[in-house]
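The values are calculated or read from the model by the stated rules, or taken from the named source; none is laboratory data. Given the structure is predicted, the values throughout are model-derived calculations rather than measurements. Note: ideal-geometry Cβ built from the backbone for every residue, glycine included; neighbour counts use all protein chains shown. SASA here: full protein model, heavy atoms, side chains in, ligands and nucleic acids out. Shrake-Rupley method; radii C 1.70, N 1.55, O 1.52, S 1.80 Å.
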Amino acid sequence: MGKPNILLIFTDMQRPDTIGALGNPHIQTPNLDRLVREGTSFTRCYTPSPVCVPARCCMHYGLYPQSTGLFVNGRMMEDNGASLASRLSSGGYHTVSVGKCHFTPDPYEKRGFAERLIQEERVTDYEKDDYRKWLLDNGHSPVEAHGERGPMYYIPQPSRFQGEAHPTEWVADRTMEKIRELSDGEQPWCIMSSIIHPHPPLTPPAPWTKLYDPRKMPDPMIPENHEELLTHINLAQNRYKWRDRGMDLNLLRVIRAYYYATISYIDYQVGRMLEQLEQLGILDDTLVIFSSDHGEYLGDYGCYGKRSMHDPSSRVPMIIRLPGRFEAGARCMEPASLVDVLPTMTGAAGIATEDVDGLDLADVARGDCGRSHVFSQWGKGRNAIYLIADRDWKYIYSAGEEKEILFDRLDDPRETRNAAGDEAHQEVKANLCLRLQAYLAEKGDTEAVLSKDGTIDWVQHPPLTRDYLKADPDAELLFQDEPEGLPEQMGDYTFWKGMEDDRSQQAFNKRLYQGDS
């Protein structure tokens, strides 16, 4: 066999425990279950940063945040000509991105892809977004095509669109068109099929809205001592997402039902793509990777969103299929990361790649990689939250709180108890802490650690609190209305446009990212 084709199916904000064959009896994912049977599942795969833009930047370049310089949603590093798309293009591949890339500051740039069919969440120029332009050309309104955000962020909403007009199916349709087109030629191809769901707003189409009975949804995992397990970002993010004024368990069950429905709808599209590859006779000649950028708390620990390091937020699904390179039905418990996607692709393509932080997951699955742990980081300075994870343990450090959290992945897989204070685990904690500090010192992060006389220690920051959230219950609520298409006046009515007054968003970013308490 020559160079394999490559299909990366990438979702947004999908928890790792949302695949039936990997242990979730409540969700219907027959096509992802098939990938599990026919490929290798990496059950200890973590995002290098549990938030959208940094995670995607890390995956695109095979580098940890300490190498990309991006730790929060913001401006990506300049394209260095060594992205996964650029490397594959140089190796003879035709590279295409379909759907969401979340490139910043220019959401329309290619960063190595030969082609992009663009579908981003919030756009100001509908003519540059291929999906919004398609909606316009086909008689649909493109305004808030992915659902209403802001105060409606976690309010389940049946999509306005069905079939080919739904954003998830639109991405699948364009992906399948490209597979058919490119498979007629002799050049190998790489397609990243990037689906915005299950990222909120939760907008599955009918009748998928009726796939799950909310009464049968699993309850959130909220340990008795859950507040002791939280970091500062959990509190700020609950406010940011309009979810800090008490928990309505009935609403939460509907949220979970719609979240699952969006994933099952994605699963349906995965099945269509696999069937397309089979019909063309190229399934076994295609490296298929399924993963996501980060997870979603979905009420666990009383929290919503991402950004912190518990499994619902920091761990991601990772399933890879290519007969002869990845064993069918295998489960790999060695630590893995999204930074491994690039070298896994180039490894399968026979392209030498040494200047990245990631490893070829084929080597990881065989136990030939020599790596024992992976890293993740959100934020910088006193806002920073760090993670180091190996096969059996997770160590988390929240800088501004000087807080250590240690989870035993074997005895406490649901992460219900902080073992950092247990006398029996002090050696484990100290070893993981030292490895994390050594890594940060090697990267020259003087905001994280100090090195003196051969010793390394954490930088002590001014105490970080979020007391201002308690003082003003309306402070820093999220507003993300789209600026296009909403009239300021209609008849006797004047409409408030959230994008015109973005003060709460700016205040949130200032305090969160610049370190104000």
Legend entry - Cross-chain or 6+ apart pairs with Cβ under 6 Å, the range 155-167 first and more than 18 Å from Arg122 (Cβ to Cβ), then open to solvent by 30 Å² or more (accessible area, probe 1.4 Å): Pro156/Val254; Pro156/Tyr258; Pro158/Ala206; Ala165/His140
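What about Arg325, is it basic (Lys, Arg), touching a strand residue (DSSP E or B) at 6+ places or on another chain (Cβ under 6 Å), open to solvent by 40 Å² or more (accessible area, probe 1.4 Å) and modelled with pLDDT of 95 or more? Please lay out each step first, then the result.
Values: basic (Lys, Arg): yes; touching a strand residue (DSSP E or B) at 6+ places or on another chain (Cβ under 6 Å): no; open to solvent by 40 Å² or more (accessible area, probe 1.4 Å): yes; modelled with pLDDT of 95 or more: yes.
Considered against the rule, which asks whether it is basic (Lys, Arg), touching a strand residue (DSSP E or B) at 6+ places or on another chain (Cβ under 6 Å), open to solvent by 40 Å² or more (accessible area, probe 1.4 Å) and modelled with pLDDT of 95 or more, Arg325 comes out as no.
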Inset, instruction - Evaluate the range 219-239: report whether one residue or more is over 30 Å from Arg382 (Cα atoms), open to solvent by less than 50 Å² (accessible area, probe 1.4 Å) and either at pLDDT 95 or above or of a type outside the set (Gly, Ala, Ser) (or both). - result: no
Inset, instruction - Please work out if Asp311 is open to solvent by 30 Å² or more (accessible area, probe 1.4 Å) and either within 30 Å of Pro214 (Cα to Cα) or at pLDDT 95 or above (or both). - result: no
Legend entry - Failed condition for Ala114, given (1) of a type in the set (A, V, I, L, M); (2) over 27 Å from Thr353 (Cα atoms); (3) in contact (Cβ under 8 Å) with a residue 24 or more places away in the chain: (2)
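Name the single residue that is farthest from Ala257 (Cα to Cα) among those in the range 18-44 being of a type in the set (S, T, N, Q) and in contact (Cβ under 8 Å) with a residue 60 or more places away in the chain. Steps first, answer last, please.
Kept after step one, since they are of a type in the set (S, T, N, Q), are these residues of the range 18-44: 18, 24, 28-29, 31, 40-41, 43.
Next, from what is left, pick out any that are in contact (Cβ under 8 Å) with a residue 60 or more places away in the chain: 18, 28-29, 31, 40-41, 43.
Details: Thr18: 12, Gln28: 11, Thr29: 14, Asn31: 19, Thr40: 28, Ser41: 25, Thr43: 24 Å.
By that ranking, first place goes to Thr40.
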Inset, instruction - Among the numbered conditions (1) part of a loop (DSSP other than H, G, I, E, B); (2) of a type in the set (D, E, K, R); (3) modelled with pLDDT of 95 or more; (4) touching a helix residue (DSSP H, G or I) at 6+ places or on another chain (Cβ under 6 Å), tell me where Glu296 comes up short. - result: (4)
Legend entry - Positions within the range 407-463 being of a type in the set (Phe, Trp, Tyr) and within 26 Å of the chain's Cα centre (by Cα), in sequence order: Phe407, Tyr439
Inset, instruction - Taking Tyr61 as the residue in question, decide whether it is of a type in the set (Phe, Trp, Tyr), farther than 30 Å from Trp208 by Cα, open to solvent by less than 10 Å² (accessible area, probe 1.4 Å) and within 20 Å of the chain's Cα centre (by Cα). - result: yes
Legend entry - Matching entry among Leu88, Leu117 (being in contact with a Ser or Thr (Cβ under 8 Å, 6 or more places away or on another chain), part of a strand (DSSP E or B) and either of a type in the set (A, V, I, L, M) or open to solvent by 30 Å² or more (accessible area, probe 1.4 Å) (or both)): Leu117
Inset, instruction - Show the residue pairs that are 6+ apart or on different chains and have beta-carbon atoms under 9 Å apart, the first residue being within the range 61-90 and in contact (Cβ under 8 Å) with a residue 40 or more places away in the chain, the second being part of a helix (DSSP H, G or I) and acidic (Asp, Glu). - result: Gly62/Asp340; Gln66/Glu442
